[in-house]
Amino acid sequence: MQTTVHPVDEKLPLGRVTALGLQHVLVMYAGAVAVPLIVGRALNLPPEQVAMLISADLFVCGLVTLIQAMGCTQWFGIKLPVMMGVTFAAVGPMVSMAQSTGGHAGAGLIFGSVIGAGVVSILIAPVVSRLLRFFPPVVTGTIITVIGISLMRVGINWIFGNPVGPTAPSVPNPEHLKWLTEAQAMAGAPGTSLPPVPKGFAVVPTIPNPKYADLTGIGISAIVLLTILFVARFGKGFLANISVLLGIVVGGVITAAMGLMDFHKVANAQWFNLVLPFEIAAPVFDPVLILTMTLVMVVVMIESTGMFLALSDMTGKPINQDELTRGLRTDGLGTLIGGIFNTFPYTSFSQNVGLVAVTGVKSRWVCVAGGAILILLGLLPKMAMLIESLPTVVLGGAGLVMFGMVAATGIRILSTVDFIRNRNNAMIVAVSIGVGMIPLVAPNFRQWMPHAIHPLIESGILLASIAAVLLNVFFNGARGDTQAVINAARQADAH
């Protein structure tokens, strides 16, 4: 008697499975490396350590993908064609942490919050799998839209110049800085009548920075953006799916030809190096920051639930409650592993779920091959340093697309919501987005509030999430609709 193998469990020839796995890697690559670049530069880490973040991120992406697609014990792995990557949902809170505390101290706080959230997520996975009724499409669509809008600021700053640092919109007057330096020297001299300079005294920026919004940089970003648009418009199938990656490659070639890229760091980087735990900073565990990251992970896991249900429907392989819990528990395990290896929270990548529908290949072993390729890329420091060497203007053109697509995903999910028969849904979306915009428009609104709650309220994403959940319960109650979640996830996967 011949046993029929389900398409999800089918093992393809080595050559084909490797090619299809590489395709999955290329589709997710630009999104996977964006987060370590954003957070590493927000922390003002040295280029070598930003490159280490990229290597560690790719390595953990691969490792967690293997666990999710292959399965690991009876506790972890949903055994579906899933590629795991670092989630954009956590970028806003992590950048806020980096801006509050920079350098290695801030990195330690971020990694501590990631580890703590990973442990909590593993424990609450069985509960989260039953919380779908609190996160219908009107809630998840709103949250993802706010995530995209919040991230757009990062992409825009990549184009024109960061709001702080060497490309700030304004800089101190050099003459005033010279005077201050001379006054400080005189104040410290014996017999001087000048009083000591007050602690923390500084000259404020008052004149325009000539490096801000440089036309050359804007032109390069525009070329990257136009390349992405042309490839997306005229490319077919797989080529269209990697339009962002191709745009970044074109931008890199142009900046290299113009002499704007420094390849010395790439030349000095090793060809092969192991990714080790706690290479950048030891974790620091702050309860409020852990709670903040845990709230993000709850949203991420709810979205993963929709992805898993849609993927089950797409591949024709039903999943039960225990299998769904194993998939969500792997999100938590991946986040825990990410914190240990000094990276970030992990979830299933929606564009790769969409690729399953585009190619029609349902075998999970394709994603296993993709995971192995990601691990290999994570062990190649030269590749990570090459990515780190890209000027931010190159990433700016791609950032508009990547982060804008996050917002567009939220809008597509909201398109499944009934706004005609239930007008309260519009109220939920309107108020939640408005609340989510507060930290973007008025970042100092929290100045008179207790400092202990600042990490909870400085992220527009978390404020929008809390508002959307509470407003939905207030207006709509907590009715569950699994099919609506599946339809919303399918909309998120659409290309």
Worksheet item: When you look at R153, is it among the charged types (D, E, K, R), within 17 Å of the chain's Cα centre (by Cα) and either over 26 Å from V368 (Cα atoms) or open to solvent by less than 10 Å² (accessible area, probe 1.4 Å) (or both), yes or no?
Response: yes
Item to complete: State which residue pairs qualify: first residue under 14 Å from L380 (Cα atoms) and inside segment 58-71, second residue part of a helix (DSSP H, G or I) and open to solvent by less than 30 Å² (accessible area, probe 1.4 Å) in any location, beta carbons under 6 Å apart, and separation of 6 or more residues or different chains.
Response: L58/L374; L58/G378; F59/G378; V60/I337; V60/G338; G62/G371; G62/L374
Worksheet entry | Condition broken by G259, with the remaining ones in (1) on the phi > 0 side of the Ramachandran plot; (2) at pLDDT 85 or above satisfied | (2)
Practice prompt. Restricting attention to helices (runs of 4 or more DSSP H) lying wholly within segment 47-129, give those where 1 or more residues are in contact with a Cys (Cβ under 6 Å, 6 or more places away or on another chain).
Written response: 47-70
Discussion item. Please count how many residues of segment 1-46 are under 27 Å from D313 (Cα atoms), part of a loop (DSSP other than H, G, I, E, B) and either open to solvent by less than 30 Å² (accessible area, probe 1.4 Å) or in contact with a helix residue (DSSP H, G or I) (Cβ under 7 Å, 6 or more places away or on another chain) (or both).
Written reply: 2
Worksheet, complete the sentence: Residue pairs within 8 Å by beta carbon, gap of at least six or interchain, first lying in segment 397-412 and of a type outside the set (A, V, I, L, M, F, W, C), second outside any helix (DSSP H, G or I), listed first then second, are R412/A494
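If you take the residues in segment 73-91 that are open to solvent by less than 20 Å² (accessible area, probe 1.4 Å) and within 15 Å of the chain's Cα centre (by Cα), which one is modelled with the lowest pLDDT? Spell out the reasoning first.
First, pick out the residues of segment 73-91 that are open to solvent by less than 20 Å² (accessible area, probe 1.4 Å): 77-78, 80-87, 89-91.
Applying the additional criterion that residues be within 15 Å of the chain's Cα centre (by Cα) yields 83-87, 89-91.
Details: M83: 87, M84: 90, G85: 87, V86: 87, T87: 84, A89: 77, A90: 82, V91: 80.
Result: A89.
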Practice prompt. Hey, could you check segment 215-244 for residues that are exposed (fewer than 14 other Cβ atoms within 10 Å of the Cβ) and not in a helix (DSSP H, G or I) and say which is farthest from the chain's Cα centre (by Cα)?
Written response: K236
Worksheet entry | Any pair with Cβ under 6 angstrom, 6 or more apart, that starts in segment 237-261 at a residue that is of a type in the set (D, E, K, R) and ends at one that is open to solvent by 40 Å² or more (accessible area, probe 1.4 Å) | none
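Out of the residues in segment 413-443 that are without any contact (Cβ under 8 Å) to a residue 24 or more places away in the chain and of a type outside the set (G, A, S), which is most open to solvent (accessible area, probe 1.4 Å)? Please lay out each step first, then the result.
Taking segment 413-443 as the starting set, the residues that turn out to be without any contact (Cβ under 8 Å) to a residue 24 or more places away in the chain are 418-421, 423, 426, 430, 434, 441-443.
Among the residues that remain, those that are also of a type outside the set (G, A, S) are: 418-421, 423, 441, 443.
Values: D418: 52, F419: 77, I420: 149, R421: 209, R423: 191, V441: 120, P443: 63 Å².
Ranking the candidates gives R421 first.
The values are calculated or read from the model by the stated rules, or taken from the named source; none is laboratory data. Since we're looking at a predicted model, the values are computed, not measured. Neighbour counts run over all protein chains shown; Cβ positions are idealised from the backbone, glycine included. The accessibility values were calculated without ligands, DNA or RNA, using every heavy atom of the protein model including side chains. Shrake-Rupley method; radii C 1.70, N 1.55, O 1.52, S 1.80 Å.
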